[in-house]
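Visitor: First, the structure itself, so that you have it in front of you.
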Amino acid sequence: METELEKETPNVVTELRFRQLVAIGYHAEVVCQGAAYRKASVWYGEWIIRAVSQEGTFGKLLVTTPRRVNDMDEIKVRVFKTINGLSSFMHDVGFAHVDVPFFLGGRTIHLLPIRKVH
């Protein structure tokens, strides 16, 4: 049986694990880290995504796949710089729509629909 501490650590996930977590009921929380602005017809900003437990008690930050730099693994937070990039990622994960916060500190929660197995 998994303990609460094991559920919480590590507090980061790569894309594959993120997909697995939202498929079993975790929420995807989109967090605005840099206010959105429009340039021509494209919206720019900075958004990160967290996988949050159903109870909302802990979250895991989406990171890029680790790369080897010198003798160390380099892990970076996955930052989406355009709404197009963010919405494309969320669509690929399986979300039918995306609610994007435009202002610094804004957060929105997304939940995949329960899929019926025939």
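Taken together, the values in this text are just the output of simple stated rules run on the coordinates, not laboratory data. Just so you know, these numbers come straight off a predicted model, no measurement behind them. Note that we place each Cβ from the backbone using ideal geometry, even for glycine, and neighbour counts take in every protein chain shown.
Visitor: Of the peptides 22-35, 89-102, how do they stack up when ordered by the mean number of other Cβ atoms within 10 Å, highest first? Intermediate values should be presented prior to the final figure.
Guide: Details: 22-35: 16.6, 89-102: 14.7.
With the highest mean Cβ count within 10 Å placed first, the list reads 22-35, 89-102.
Visitor: Can you give the local net charge around Trp47? Use residues other than it whose beta-carbon is closer than 14 angstrom to its beta-carbon, Lys and Arg +1, Asp and Glu -1.
Guide: Values: positive: Arg50, Arg78, Lys81, Arg107; negative: Glu29, Glu46, Asp99.
Net charge around Trp47: +1.
Visitor: Now, a different point. If packing is taken as the average count of other Cβ atoms within 10 Å, what order do 11-17, 37-43 fall into, highest mean first?
Guide: Per-residue Cβ counts within 10 Å, averaged per peptide and sorted highest first, yield 11-17, 37-43.
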